[in-house]
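The values are calculated or read from the model by the stated rules, or taken from the named source; none is laboratory data. Small disclaimer: the values here were computed from a predicted structure and weren't measured. Glycine gets a Cβ as well: all are built from the backbone with ideal geometry, and neighbour counts include every protein chain shown. The area values use the complete protein model at the heavy-atom level, side chains included, leaving out ligands, DNA and RNA. Shrake-Rupley method; radii C 1.70, N 1.55, O 1.52, S 1.80 Å.
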Amino acid sequence: MKQDLTTPPPSFEEARTLRQQARAAGLNPNYWYAVEELRRVKPKTVHEVIFWKHSIAMFCNEDGELEAMENRCAHRQLKLSLGHVEGCRLICEYHGWEYGGKDRPAGVPYDGDRSFPRLALRTYPVKVRYGLIWIFPGDPELAEERQIPEIPELEGPDRWSCVPLRFEWNAHHSMVIDNVSDFTHAHLHRKYKPFEDATLKNFEIVGDNVHLSYDTLVGRGAISGKFVDHKKLNTNHMKLCYEYPYQWSNTDDVIKHYLFVLPINERKSRVFFLFYFKSLKIPIVPIRIPRSAMTLVMRIANRMLIGPLLQEDQFALEAEQEGYENHWDAHPVETNPVVRAFQELTVRKWREHLESPLGVGLANG
């Protein structure tokens, strides 16, 4: 029977195949999620953050301290992100009701000199690390138990240079994970050649992680290849991991990256890429670029090379999202076995959340 193209893709509960389930699943909220670059958030500003269809008001007070709470005023339910910040308080734009601050988490002025009792708006733990702002949207009692990924190369006096890249892509988060860990799409990047001739050597599922490795030629592009000392580095092999809900890669312990995905809804994701290099060489000569110059080099590389490269992935993923929405019932044809492992992990973790007290409460509330 021919599919009616006006019929939307099935929900998670209605999905019949693994791909349909993966494309409808959210991400388990009991993890820390990068939500914004710190440099984009100035004192006395408020921003809307969406984690899987749930709106959060994140604001920075005049002292530069960050707070996050559910994005609604308890009075008339206006989004607090439409308001403004005064001192250490977030002010609703409609009637001036005030929220936040350590002294009075939700005190509300009324008639100028009286106030209502404290109101129970949900708040969210917030941290800053690696130049990113992180929010824990799940059970706050788990916030200290579940840690932000440790990246020792990006901390301390000898940290490697890293300039985060941030995008919003019109694609489901599972498509993003499939893309960045599936090296069968080298054809898409034939201009920049970040990897070539990839052969999947092995993959292993360990708990909530999918480890994999490729034999592949890394960084052989006309421009990028000149900055990598291929004589001293083994750039013919790469390790990757879907460390739910994060993803990372490692080439010879010298070229590394992390990907952090913020799921917005079934067809939109915010993504943060952190590429970091122990060193790069000056083109033509085998001399390392001084560490003091690496941040500038990374900014230029993000603009001229890495950003345009990732925009190729954005083009493909947004086209894949559109294709899935039009042909969600088509028989999936997948040649890389690790993609199925990614999708099974995504589905399992989402089902675990739905069956947890928090997931059941949200479904009933």
### Query
Tally time: how many residues in the range 156-170 are more than 12 Å from the chain's Cα centre (by Cα), assigned to a loop (DSSP other than H, G, I, E, B) and in contact (Cβ under 8 Å) with a residue 12 or more places away in the chain?
3
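Do the conditions hold for GLU93, that is, is it open to solvent by 80 Å² or more (accessible area, probe 1.4 Å), over 20 Å from PRO263 (Cα atoms) and modelled with pLDDT under 95? Give the steps one after another, and end with the answer.
Details: open to solvent by 80 Å² or more (accessible area, probe 1.4 Å): yes; over 20 Å from PRO263 (Cα atoms): yes; modelled with pLDDT under 95: yes.
Spelling it out, GLU93 is indeed open to solvent by 80 Å² or more (accessible area, probe 1.4 Å), over 20 Å from PRO263 (Cα atoms) and modelled with pLDDT under 95.
From the residues in the range 126-155 that are over 25 Å from ILE306 (Cα atoms) and free of Cβ contacts under 8 Å to residues at least 40 places away in the same chain, which one is farthest from the chain's Cα centre (by Cα)?
GLU141
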## Note on the structure
(1) at pLDDT below 90; (2) more than 27 Å from TYR130 (Cβ to Cβ); (3) open to solvent by less than 60 Å² (accessible area, probe 1.4 Å) all hold for LYS226 apart from (3)
## Note on the structure
For the range 23-38, pairs from a residue that is farther than 22 Å from GLU144 by Cβ and part of a strand (DSSP E or B) to a residue that is open to solvent by less than 10 Å² (accessible area, probe 1.4 Å) and not polar (S, T, N, Q), with Cβ under 9 Å and 6 or more apart or across chains, are GLU37/LEU132; GLU37/ILE133; GLU37/PHE272
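Would you check if GLU344 is touching a residue at least 40 places away in the same chain (Cβ under 8 Å), touching a strand residue (DSSP E or B) at 6+ places or on another chain (Cβ under 9 Å), under 26 Å from ASP182 (Cα atoms) and surrounded by fewer than 18 Cβ atoms within 10 Å (Cβ to Cβ)? Walk me through how you get there before you give the answer.
Working: touching a residue at least 40 places away in the same chain (Cβ under 8 Å): yes; touching a strand residue (DSSP E or B) at 6+ places or on another chain (Cβ under 9 Å): yes; under 26 Å from ASP182 (Cα atoms): yes; surrounded by fewer than 18 Cβ atoms within 10 Å (Cβ to Cβ): yes.
Spelling it out, GLU344 is indeed touching a residue at least 40 places away in the same chain (Cβ under 8 Å), touching a strand residue (DSSP E or B) at 6+ places or on another chain (Cβ under 9 Å), under 26 Å from ASP182 (Cα atoms) and surrounded by fewer than 18 Cβ atoms within 10 Å (Cβ to Cβ).
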### Task
Run ARG303 past the list (1) open to solvent by 60 Å² or more (accessible area, probe 1.4 Å); (2) touching a Pro at 6+ places or on another chain (Cβ under 8 Å) and report the number of the one that doesn't hold.
(2)
### Message
Return the pair list, or none, for Cβ contacts closer than 8 Å from residues in the range 303-326 that are under 12 Å from HIS172 (Cβ atoms) to residues that are exposed (fewer than 12 other Cβ atoms within 10 Å of the Cβ), at least 6 apart or on different chains.
### Response
GLU325/PRO8
### Query
Do you know which residues across the range 40-82 are farther than 17 Å from VAL128 by Cα and small (Gly, Ala, Ser)?
SER55, ALA74, SER81
### Message
Quick check on the range 60-68. Is at least one of its residues open to solvent by 20 Å² or more (accessible area, probe 1.4 Å), part of a helix (DSSP H, G or I) and over 19 Å from PRO332 (Cα atoms)?
### Response
no
#### Entry: Matching residues in the range 249-269 - criterion: being polar (S, T, N, Q) and under 16 Å from TRP160 (Cα atoms)
SER249, ASN250, THR251
